[in-house]
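Below you'll find the structure, written out as structure tokens, and then a few comments.
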Amino acid sequence: MLKVQLLLTLCVLSFVSFCYSSYLVNTITDSADGFDIDLTLYEAAEETYCDDIPNLTVSVEFLDLRSNSITTHPQNSILKISITDKDDPGRFAIPKTGGVFPSTSQVIPSSSPSTHKWKVPKPTANSMFDLSLYLRGNSTLGTSDFLSHTMSNLVYQDCYLSVRIPTAPSPDGSVALYGLGDRATSLRRDLGTYSMWNHDPTGGVADDGSNGYSNLPIMFFIEDDSAENFLSPAVSTGLFLLNASATDIVFYDDGTDGNGSNDDSDSYSSGVEIRSTAGILEFYFMAGQTPDYAMAQYHQLVGYPVAPPIWAIGFQNSRWGLDTLEKVIQVVQNYQDRDIPIDAQHFDIDVLGGGGDGHRDFTVNDETFPHDDFKEFLEDLQDNGTHAVVIVDPVIAADSTFDQFNELVESGAYIKCPATDDPYIGKQWPGRSIYPDFMNEDSFDFWETQFSNYISDWNWDGFIIDENDVKNDLNDEPEVDPRCYSLDSGEEYIQTDSMRQIDYPFNLNKPPYTPQDGTNLATRTIDNRTTSGMGEMFDVHNLYGLYEGQVTRKALNTIDSTKRWYIQSRTVYPGSGKNTQNWSGDNHSTLNQMMRSISMLLTSNIEGISLSGSDIGGYQGDCDEDLLSLWLPLGMVYTMSRQHRQKQSDDNYCWVHSELVCDIQRAAIKRKYSYIAQMYSSLLFSSLKGGPAVKPLFVLWPDVADLLDIDTQLMIGDSIMAAPLVEMPYSNDSTQSLGLDVVFPTVISDTVTISSYTRERWYYYDYPHEEIILDLVKASTTNHITADAGDLPLFLRGGKITMYQEALDNVTETYLNSHIELRIAINDVSIAMGEFILDKGDSALPVSDFVRYYIKATTGKITGVLEQSAYVYPGHICDSIVMIGSGVSSSCSLQATLNGEQISAKNEDDLLTFDVSGLRFNADFDIEYNCV
């Protein structure tokens, strides 16, 4: 037995060819949208986990995405490849019903496979199976087709499915891979194994990149087969594995062609290997050409990110341990006394009551939060612009005297013990608990009733869905058999094999191949033998949080369809973003996790979760004044800026440290308010046409090899670059000012050709009359920027137009009523363009009552075009337009007209300023200017 296990281990680690099965191409049949390949097992692997499945079908489908009036990404760009057991059509596959995964609402068979972005040559009958996936040649890539991926080394067994997908290298000569879920590591993934198994990790967010709360099997690649020149056209592709079972994704580089030799010049030596324990192999490949396009295609495929209410982008305050109303009142008062706005106040498990161990969903502890006093406090809070958010856990206390328990049991929509209708018992905050089964359609009525009753008494604005990984504190060290609640006797019992009378082919909690280093899969979560409305949890475990988010969104919309509800979920899966927002979990108060929070934010955005962030200051551990002074400004570039803390850690409010820290926090929040319209517009665009709202630099400059690893800077939309301080700004060189080194892209990627290109220009955000001097002989240049602790360096990108607002009392008031200043940053060819969306900030979903506006500036002229309008909010008024880098001589006496009428204009301090007081975005406009 030891010899066999050792051989299996070597097989998995070495990638040598004898480890893999061999399948022979039998027949190839055309289908309506591609072709099917029937495979027959030719030779089984010498050592395997279980028996090889003898007959397989590989379906290749060319798919188109449906277009709308605002999408810009290519539509004929999705390639679906599924590998199934030909003799067992009932083998579990994630259903496409219920609006969760790709359906005819978004994806349809290609209208023209012969001109599709993907090209897949049919294999030859009686040959050994592999597939080559090409991007079809075009004017940008060149007329030759580009080999993007191959598929080889297929293993298909009852308990183990594996395939290798070698991938083209990036502009720096090695594979550039991004995605794979929440991990406190670099944005660009390192070689190694990435496990896909959602759970509550011991100790919270880990520095080693191990899996935890959310694991998303989506990958994006930057590919370029000619890496010698930074002007060569890189392309981007995406790969989505639709499989919710325990899976390892191995990012490898074996120095060969991926087939165990180095003789084939058409193959690559690096890529990913998929290793799943159940289900089928179902892949979706996106052909984006640009990263933005590839990501937008994926977002459309699984569901565009939901638009948040405007208040959710402001500052959110939270603390586990505020266990009385008096404590909450004091904290809120301390912020108000320091003129620090709170846009949302969270209420953690401290507020929950319900008897027994307390902490029961949809309750309030009347002893510590007296009903009338608490209700009055919430009303005052909301009247002052602060929104109320409360926690909800995915469990109901196992107490037959508790109405919610009896209602859930009556519905039948709970996770069940194997082979019975008895509820499975786990443990969360209420103590012994049972789990609603959100994959059972009958769960909706129960869930909607609970929210309806709760909201009728307490006017909550949003909800935190916690512990839906799915956590179970009884399984810190997994037991042999599951615990159950007897519906007959009302007693708890442990279910034995004889009770179940099910002959499992292997241990579902520790299958023959067990991802995440062989850890028992039931550790800190629920037993895989339990059943849901969709099947055994072994097959659907990672879907639990996704379906809870969907049912919660549907329930809240049923209660009040006119309100844009805020739902924040600890666990997400592909498709979650269309219903919920996310935070990164129980992080630590360390400099490293503060820095890595940027890459986690960016990863969430490229994966379709646009509103995201980490707990500012850290959830656990000691956060000193220096660290908090860095983290407060950095946290304001998160799309979801929440300061949160666990009960066991010391208070981390700014006043605990010094009033200087409070000054930093106030300035950071109000600074975010100044660009809130720009960030919110990016979030709205993401919700309407996909693509990340905040972006890594490589998304806009994929051709520049130096930018592929940059993960401490980011773009807000495509116009503002943020370079947060991630270490204390000091210098050992007495001639060097305090500050940081910032990387500036110098090539405008979207105008790159081999023969000509345009240079980027960058300007300081405050005040933007000074241009950054760049080294114009490189694709990127690093400049030392002066900054102090508490600063957030921001830069305007030349060629772009941004919105600026003066901060008012809170984020909603600022966005709706602070008049807008348009800032036009001229580029190298004297042009600037901008497109933005404005709405009411809290209207019903999907967003429809908005204005979409396009502005272009050229020499002597500024033009505004109303592209789409359903509603223009009265407070959205532009009073001033400022042009930076115009090149107009300082001696020029400026005159200007707006729609033919003369307006006041100034030429001072290298800025052109136009007084357009009262300009609304409900019609086109033209400004013409010249020197007199």
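Within region 101-123, which residues are under 16 Å from residue 73 (Cβ atoms), in a loop (DSSP other than H, G, I, E, B) and open to solvent by less than 20 Å² (accessible area, probe 1.4 Å)?
We begin by selecting, within region 101-123, every residue under 16 Å from residue 73 (Cβ atoms); these are 102, 106-108, 110, 116-118.
In the following step, the residues that additionally are in a loop (DSSP other than H, G, I, E, B) were identified as 102, 106, 110, 116-117.
If the condition is that a residue be under 16 Å from residue 73 (Cβ atoms), in a loop (DSSP other than H, G, I, E, B) and open to solvent by less than 20 Å² (accessible area, probe 1.4 Å), then 102, 110, 116 are the ones that fit.
The residue pairs whose first member lies in region 154-174 and is on the phi > 0 side of the Ramachandran plot, whose second member is small (Gly, Ala, Ser) and open to solvent by 10 Å² or more (accessible area, probe 1.4 Å), and whose beta carbons are closer than 9 Å, counting only pairs six or more residues apart or on different chains, are 173/227; 173/705.
Residue-wise test of (1) in contact with a Leu (Cβ under 8 Å, 6 or more places away or on another chain); (2) aliphatic (A, V, I, L, M); (3) assigned to a loop (DSSP other than H, G, I, E, B); (4) modelled with pLDDT of 75 or more.
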| site | (1), (2), (3), (4) |
| --- | --- |
| 721 | yes, yes, no, yes |
| 724 | yes, no, yes, yes |
| 727 | yes, no, yes, yes |
| 730 | yes, no, yes, no |
| 734 | no, no, yes, no |
| 740 | yes, yes, no, yes |
| 744 | yes, no, no, yes |
| 757 | yes, no, yes, no |
| 766 | yes, no, yes, yes |
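Applying the selection to region 70-100, what residues are at pLDDT below 75 and within 29 Å of residue 290 (Cα to Cα)? The answer is 99, 100. Selection of first residues in region 458-482 that are within 13 Å of residue 200 (Cβ to Cβ) and among the β-branched types (Val, Ile, Thr) and of second residues that are modelled with pLDDT of 90 or more and part of a helix (DSSP H, G or I), restricted to Cβ pairs under 6 Å at least 6 apart or on distinct chains, gives the following pairs, ordered by first then second residue: 470/544.
Among the residues of region 173-183, those identified as in a loop (DSSP other than H, G, I, E, B) and touching a strand residue (DSSP E or B) at 6+ places or on another chain (Cβ under 9 Å) are 174, 175, 180, 181, 182, 183. Taking only region 776-788 into account, find how many residues are under 30 Å from the mean Cα position of the chain (by Cα), in a loop (DSSP other than H, G, I, E, B) and either of a type in the set (S, T, N, Q) or surrounded by fewer than 19 Cβ atoms within 10 Å (Cβ to Cβ) (or both). Of the residues in that region, 0 qualify. Taken over region 644-662, the criterion of being surrounded by fewer than 24 Cβ atoms within 10 Å (Cβ to Cβ) and either within 17 Å of residue 790 (Cα to Cα) or acidic (Asp, Glu) (or both) is satisfied by 650, 651, 653, 655, 656, 657, 658, 659, 660, 661, 662. Scanning region 689-718 for residues that are of a type in the set (Val, Ile, Thr), outside any loop (DSSP other than H, G, I, E, B) and crowded, with 24+ Cβ neighbours inside 10 Å turns up 694, 699. Might you check whether a residue that is acidic (Asp, Glu), outside any helix (DSSP H, G or I) and either at pLDDT 95 or above or in contact with a Pro (Cβ under 7 Å, 6 or more places away or on another chain) (or both) occurs anywhere in region 374-397? Yes, because at least one residue in region 374-397 is acidic (Asp, Glu), outside any helix (DSSP H, G or I) and either at pLDDT 95 or above or in contact with a Pro (Cβ under 7 Å, 6 or more places away or on another chain) (or both).
Applying the set (1) open to solvent by 20 Å² or more (accessible area, probe 1.4 Å); (2) not in a helix (DSSP H, G or I) to residue 499 leaves exactly one unmet item: (2).
Farther than 26 Å from residue 909 by Cβ and at pLDDT 90 or above - does that describe any residue in region 794-804? No, there is no match, as no residue in region 794-804 is farther than 26 Å from residue 909 by Cβ and at pLDDT 90 or above.
Kindly indicate whether any position in region 440-457 is in a loop (DSSP other than H, G, I, E, B) and among the hydrophobic types (A, V, I, L, M, F, W, C). No, the conditions are met nowhere in region 440-457.
Looking only at region 350-368, decide whether some residue is outside any loop (DSSP other than H, G, I, E, B) and under 29 Å from residue 318 (Cα atoms).
yes
Determine, yes or no, whether residue 624 is open to solvent by 10 Å² or more (accessible area, probe 1.4 Å) and free of Cβ contacts under 8 Å to residues at least 60 places away in the same chain. Can you show your working first?
Values: open to solvent by 10 Å² or more (accessible area, probe 1.4 Å): yes; free of Cβ contacts under 8 Å to residues at least 60 places away in the same chain: yes.
Yes, satisfied.
The rows are residues; the columns are (1) among the aliphatic types (A, V, I, L, M); (2) under 28 Å from residue 488 (Cα atoms).
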| position | (1), (2) |
| --- | --- |
| 337 | no, no |
| 349 | yes, no |
| 385 | no, no |
| 417 | no, yes |
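Only one entry of 618, 608, 549 meets the criterion of being in contact with a strand residue (DSSP E or B) (Cβ under 6 Å, 6 or more places away or on another chain) and either open to solvent by 10 Å² or more (accessible area, probe 1.4 Å) or not in a helix (DSSP H, G or I) (or both), and that entry is 618. Taking residues in region 81-102 that are farther than 26 Å from residue 132 by Cα, and partners anywhere that are of a type in the set (Asp, Glu) and not in a loop (DSSP other than H, G, I, E, B), the pairs with Cβ atoms closer than 7 Å and at least 6 places apart or on different chains are 91/85; 92/539. In this entry, residue 924 is excluded by the filter for residues that are over 30 Å from residue 69 (Cβ atoms), touching a residue at least 24 places away in the same chain (Cβ under 8 Å) and either open to solvent by 30 Å² or more (accessible area, probe 1.4 Å) or not hydrophobic (A, V, I, L, M, F, W, C) (or both). Exactly one residue among 542, 528, 520 is more than 25 Å from the chain's Cα centre (by Cα) and open to solvent by less than 10 Å² (accessible area, probe 1.4 Å), and that residue is 528.
Counting the residues of region 907-916 that are modelled with pLDDT of 95 or more, open to solvent by 30 Å² or more (accessible area, probe 1.4 Å) and of a type outside the set (S, T, N, Q) gives 1. Checking region 663-674 against the condition returns a match, with at least one residue being farther than 29 Å from residue 74 by Cα, of a type in the set (A, V, I, L, M, F, W, C) and surrounded by fewer than 23 Cβ atoms within 10 Å (Cβ to Cβ). Restricting attention to region 34-51 and to residues that are part of a strand (DSSP E or B) and either in contact with an Asp or Glu (Cβ under 8 Å, 6 or more places away or on another chain) or acidic (Asp, Glu) (or both), the residue that is most open to solvent (accessible area, probe 1.4 Å) turns out to be 43. In a residue-by-residue description of region 802-821, the property of being in contact with a strand residue (DSSP E or B) (Cβ under 9 Å, 6 or more places away or on another chain), open to solvent by less than 30 Å² (accessible area, probe 1.4 Å), in a strand (DSSP E or B) and farther than 20 Å from residue 314 by Cα applies to no position.
Taking into account only those residues within region 458-473 that are over 18 Å from residue 563 (Cα atoms) and part of a strand (DSSP E or B), which is most open to solvent (accessible area, probe 1.4 Å)?
Start the filter on region 458-473 by keeping residues that are over 18 Å from residue 563 (Cα atoms), which leaves 465-473.
Narrowing further to those that are part of a strand (DSSP E or B): 465, 471.
Details: 465: 2, 471: 23 Å².
So the residue we want is 471.
Of the strands (runs of 3 or more DSSP E) lying entirely inside region 829-884, those containing at least 3 residues that are surrounded by fewer than 17 Cβ atoms within 10 Å (Cβ to Cβ) span 851-858, 861-869.
Given the condition part of a loop (DSSP other than H, G, I, E, B), among the hydroxyl-bearing types (Ser, Thr, Tyr), buried (at least 17 other Cβ atoms within 10 Å of the Cβ) and at pLDDT 75 or above, answer yes or no: does some residue in region 52-69 qualify? Give the steps one after another, and end with the answer.
Our first condition is that a residue be part of a loop (DSSP other than H, G, I, E, B); within region 52-69, this holds for 53-54, 66-69.
Next, from what is left, pick out any that are among the hydroxyl-bearing types (Ser, Thr, Tyr): 67, 69.
Imposing the further condition that a residue be buried (at least 17 other Cβ atoms within 10 Å of the Cβ) reduces the set to none.
No, there is no match, as no residue in region 52-69 is part of a loop (DSSP other than H, G, I, E, B), among the hydroxyl-bearing types (Ser, Thr, Tyr), buried (at least 17 other Cβ atoms within 10 Å of the Cβ) and at pLDDT 75 or above.
The values are calculated or read from the model by the stated rules, or taken from the named source; none is laboratory data. Quantities reported herein were computed from a predicted structural model and do not represent experimental measurements. Positions of Cβ are backbone-derived with ideal geometry, glycine not excepted, and every protein chain shown enters the neighbour counts. Just so you know, the surface numbers come from the protein's heavy atoms only, side chains and all, with ligands and any DNA or RNA stripped out. Shrake-Rupley method; radii C 1.70, N 1.55, O 1.52, S 1.80 Å.
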